[in-house]
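Accompanying notes for the structure given below.
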Amino acid sequence: MPKNISTDVSQGCKMAEFDPFNPEIMGHVHKPAKPLQCHGQPLTTYRNGMLKFLNEQNLKINRSFYQPITRIPEKDWGYNLGNETEIDVHKRKLPIPHEFIRVETRSKDGETRTEFHAAVVPNPQVMERPHRETGIPVNVMMIGFDSLSAAHFKRVFTKANSFLSKELNTVFMKGYSIVGDGTTPALTAFLAGQFEKELPEARRSYENSDTVDKWPWVFKDYKSAGYATLFSEDCPGYGAFNYRLHGFKQTPTDHFGRYFWEAARLTSPYCIHSKPQHRIHFDYIESFFEAYPKKRKFGLSFFTDISHNNLNSIYHSAEDFFRLLKNLHQANHLNNTILITFGDHGFRYGSSRTTLQGHLEERLPHLAFTFPYWFEAEYPDVVENLRDNSETVTSPFDLYATLKHILLYPESPTGLKRGMSMFNEIPKTRGCEAAGVAEHYCPCLNLKPADPNHGHIRRSAEAVVKFINDLTSSDPKSSQLCERLSLKAIKSSHQQMANTKFAQFLGSRDAHGREPMFLKGKVVPHECNYRIQVETTPGDALFDVAVRYLDGEFRVSGDISRINMYGEQPRCILSSRPDLRKYCLCKDYKKAVQ
């Protein structure tokens, strides 16, 4: 059956379509010319509770000691450094019963070197915690990056993106949207399920404000279900619940990285002495899996320093992130884990935000679910629903509902103020308001009917036909076998318009991101986006496609939908170029039906 050609553009959310490698945005993206180089070479490693010296450098060491790093009781700022414990460098290995340590070595020529290590040490009480019988019996590991849009994930993490897409079972949530200005609204929504203003007052300097311990953290739900839990943000100054808020009085999870990062501050850009900060954090994630091999785990590691202040600095972590994913896969840690990679929002500052695409990218952070190889066969409804929801507008409130759903499955979470589990079917007609996304953050585009006789529409349609003909003529075989198409008719045409509040939004009026501030007056767009449906001849193929007019050029989205059946039309290239089947009308087919 042919697909319906829908002219009803009033329902649901029409998401923006754009190319992550659009020249306009790539003019603001620059991969660092030099790789990240920290000062000196590491002297030690720390894994599985064992400190090891590397190569022969320990022979030149005069003295070495370590100090445990611990939390100041009931304080979310600062840290305690424990007593110095001497290290016998000739033993090469030393068992250490501490999660976070500072190591100092002094060479015979007077040089002093400092290193910091983080490695989860299993807690016996956590090991004995019984698992709840309900729910999906898997680990949940969340790895997030500050200011990482869905498009920037594809630009920066090319190897990781390919690995997740081709080697692992991953679903990318293309309609995942922000619900507030900054990191705190995003993490509050998916960890506590509410807006900050709905929760007990926790802002510093406000009357009757307190720590965030009373908030309904999903961490607590996982701990109650028997999970070992972990939470780590690597930039304590910008902590989601510390930058403006009082933070935690009690540690929210079994393993809490904040006081380690308080001690292990950057000594040069993106480095902690001889090691990249992000690599220390990646090692900490791996150690969590190693510490609890048979225990269910819920972890959240959030990377801030590598990406918060510079659109391009995150490139420094790309190879190591790819290596982390491979290590987790090769160690079979992903065989029983739902891996969730995400961004809190896209990049909020800098020259990229002057473009419409940069404006939209800020609203569309990265979110992807990676499942174990066996998962889809065991839970086909979950994966099918998630795929169906991947292009529907979703939000951190839905992510919160999904995290709850994992613990309750096959039952669904109830009593939520907002949000729906992404593992359930979400209506295609859903808009931003239903997802908890305010109008000025909404990335949905209004489709305004456009005159098919308008010059831009006509030239857009001609650009589409040229694009298709260029595809079929690019290969010698298909060039000989496929008809060259011409424009027969423009069946529908719309201009994609961002809503007024979205276009006028400047930022937050207050430091807490609660009061929006809008530009006064009319916003004049500097580019035009169209959605058109064209009919070509011969063959009467119908195509639905997005076209952007920018800098005098009409640029066709590569994601063209064929919206009527092609049947036997492309039979001549089905085996040689199946990727062209929706575009090709075989010359011999045309003769056969004449």
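The values are calculated or read from the model by the stated rules, or taken from the named source; none is laboratory data. Fair warning: this is a prediction, and the values are worked out from it, not measured in the lab. Counting neighbours? That spans all protein chains shown, and the Cβs are built from the backbone with ideal geometry, glycine included.
See the values below:
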item: Condition broken by residue 159, with the remaining ones in (1) free of Cβ contacts under 8 Å to residues at least 12 places away in the same chain; (2) surrounded by fewer than 17 Cβ atoms within 10 Å (Cβ to Cβ) satisfied; result: (1)
item: Answer from 136, 101 - the residue that is closer than 30 Å to residue 344 by Cα and either touching an Asp or Glu at 6+ places or on another chain (Cβ under 7 Å) or assigned by the TED database to the domain that holds residue 304 (or both); result: 136
item: Region 368-380, subset in contact (Cβ under 8 Å) with a residue 40 or more places away in the chain and farther than 16 Å from residue 341 by Cα, residue surrounded by the fewest Cβ atoms within 10 Å (Cβ to Cβ); result: 373
item: Sole residue being part of a loop (DSSP other than H, G, I, E, B), of a type in the set (D, E, K, R) and either under 30 Å from residue 336 (Cβ atoms) or in contact with a strand residue (DSSP E or B) (Cβ under 9 Å, 6 or more places away or on another chain) (or both), chosen from 210, 181; result: 181
item: Every pair of residues 6+ apart whose Cβ atoms lie under 9 Å, when the first sits in region 130-155 and is on the phi > 0 side of the Ramachandran plot while the second is part of a helix (DSSP H, G or I) and hydroxyl-bearing (Ser, Thr, Tyr); result: 147/183
item: Selection from region 184-200 of residues that are of a type outside the set (Asp, Glu) and out of contact with any strand residue (DSSP E or B) (no Cβ under 8 Å at 6 or more places or on another chain); result: 185, 188, 189, 190, 192, 193, 194, 195, 197, 199, 200
item: Residue in region 144-160 that is in contact with an Asp or Glu (Cβ under 9 Å, 6 or more places away or on another chain), among the basic types (Lys, Arg) and not assigned by the TED database to the domain that holds residue 295 present; result: no
item: Enumerated helices (runs of 4 or more DSSP H) restricted to region 293-410, each holding at least 2 residues that are touching a Pro at 6+ places or on another chain (Cβ under 9 Å), of a type outside the set (Asp, Glu) and more than 22 Å from residue 12 (Cβ to Cβ); result: 396-408
item: Subset of region 203-216 [crowded, with 20+ Cβ neighbours inside 10 Å and either within 28 Å of residue 391 (Cα to Cα) or at pLDDT below 95 (or both)]; result: none
item: Residue under evaluation residue 421, criteria (1) of a type outside the set (A, V, I, L, M, F, W, C); (2) in a loop (DSSP other than H, G, I, E, B); (3) surrounded by fewer than 19 Cβ atoms within 10 Å (Cβ to Cβ); (4) at pLDDT 90 or above, criterion not met; result: (3)
item: Residue among 270, 222 that is aromatic (Phe, Trp, Tyr), touching a Ser or Thr at 6+ places or on another chain (Cβ under 6 Å) and in contact (Cβ under 8 Å) with a residue 60 or more places away in the chain; result: 222
item: Close pairs from region 437-465: first surrounded by 20 or more Cβ atoms within 10 Å (Cβ to Cβ), partner in a helix (DSSP H, G or I) and among the aliphatic types (A, V, I, L, M), Cβ under 6 Å, at least 6 apart; result: 443/360; 450/457
item: Some residue of region 71-90 being modelled with pLDDT under 90, under 21 Å from residue 274 (Cβ atoms) and surrounded by 14 or more Cβ atoms within 10 Å (Cβ to Cβ); result: yes
item: Residue tally, condition among the hydrophobic types (A, V, I, L, M, F, W, C) and over 14 Å from the mean Cα position of the chain (by Cα), over region 299-321; result: 2
item: Residue that is farthest from residue 407 (Cα to Cα) [pool: residues in region 219-239 that are out of contact with any strand residue (DSSP E or B) (no Cβ under 7 Å at 6 or more places or on another chain) and of a type in the set (D, E, K, R)]; result: 220
item: Given (1) in contact with a His (Cβ under 8 Å, 6 or more places away or on another chain); (2) in a loop (DSSP other than H, G, I, E, B); (3) more than 30 Å from residue 409 (Cβ to Cβ), number of the condition residue 226 does not satisfy; result: (3)
